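To start, the structure under review is shown below, and the notes come after it.
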């Protein structure tokens, strides 16, 4: 099987189910942004971080492939059995955040993205995740998206924020808080 098909040369692509849509379609933007997030999380998992977080990130990558498949499927024409996303996947993110949060100082102000280069990468992933969530919400408003997809993306951005704080702590980097000018 060749990687190129030449079918998309004119600016369209196929959904699961066979429907062809513009590569600028909101559905393509949504799952493309999830793919971008997945790639960036893959980058973070190659950095010098605790193997526990590598394992969590790899599990998250698997869920993002699941979400991508749901977003890439034509809801009316796809007959393919898609992998499932479960409420327990969201609960797992919450548990992981709760465990990390126990080691972190209380949050009393907005944190400026940065701290350590590794935690800055987690902040970038958080922003990509928020964009993926916004695109999925837009798609939901137009065509409908499974509620659990929206919930998972929302919770994942929270996880990435907490992870960024924990990575700063693990690396001994100081968090910088935002102090508004008056």
> Of the listed peptides 48-60, 162-174, what is their order by residue-averaged count of other C-beta atoms within 10 Å, with the highest listed first?
Replying inline: 162-174, 48-60
>> Nearest 10 degrees is fine. How inclined is helix 26-45 to the longest principal axis of the chain, computing both from alpha carbons?
In response: 40
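Would you mind ranking 26, 145, 99 by Cβ crowding within 10 Å, fewest neighbours first?
In order of increasing Cβ crowding within 10 Å: 99, 26, 145.
Whole-Å semi-axes of segment 1-56's equivalent ellipsoid, largest first, each the root of 5 times a Cα gyration tensor eigenvalue?
Working: eigenvalues 201, 35, 19 Å².
Taking √(5λ) for each eigenvalue gives 32, 13, 10 Å, largest first.
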> Once the Cα gyration tensor of the chain is found, what semi-axes does its equivalent ellipsoid get, as square roots of 5 times the eigenvalues, in whole Å, sorted largest first?
Replying inline: 33, 17, 16
> How far is helix 51-72 tilted, in degrees, relative to the longest principal axis of the Cα atoms in the chain, given as a value from 0 to 90 rounded to the nearest 10?
Replying inline: 30
> What number, in percent, do you get for the relative contact order of segment 1-134 if the mean sequence gap of Cα pairs under 8 Å and at least 6 apart is divided by its residue count?
Replying inline: 31
>> Given axes a ≥ b ≥ c from the Cα gyration tensor, I'd like to know whether segment 129-182 is rounded (a/c under 1.5), prolate (a/b larger than b/c) or oblate.
In response: oblate
>> With a cut-off of 8 Å between alpha carbons and a minimum separation of six or more residues, what is the relative contact order of segment 74-178 in percent?
In response: 43
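We did not get these values from a lab; they are worked out from the coordinates using the rules stated. Model, not experiment: these values are computed from the prediction. All Cβ positions, even for glycine, are placed from backbone atoms using ideal geometry, and neighbour counts span all protein chains on display.
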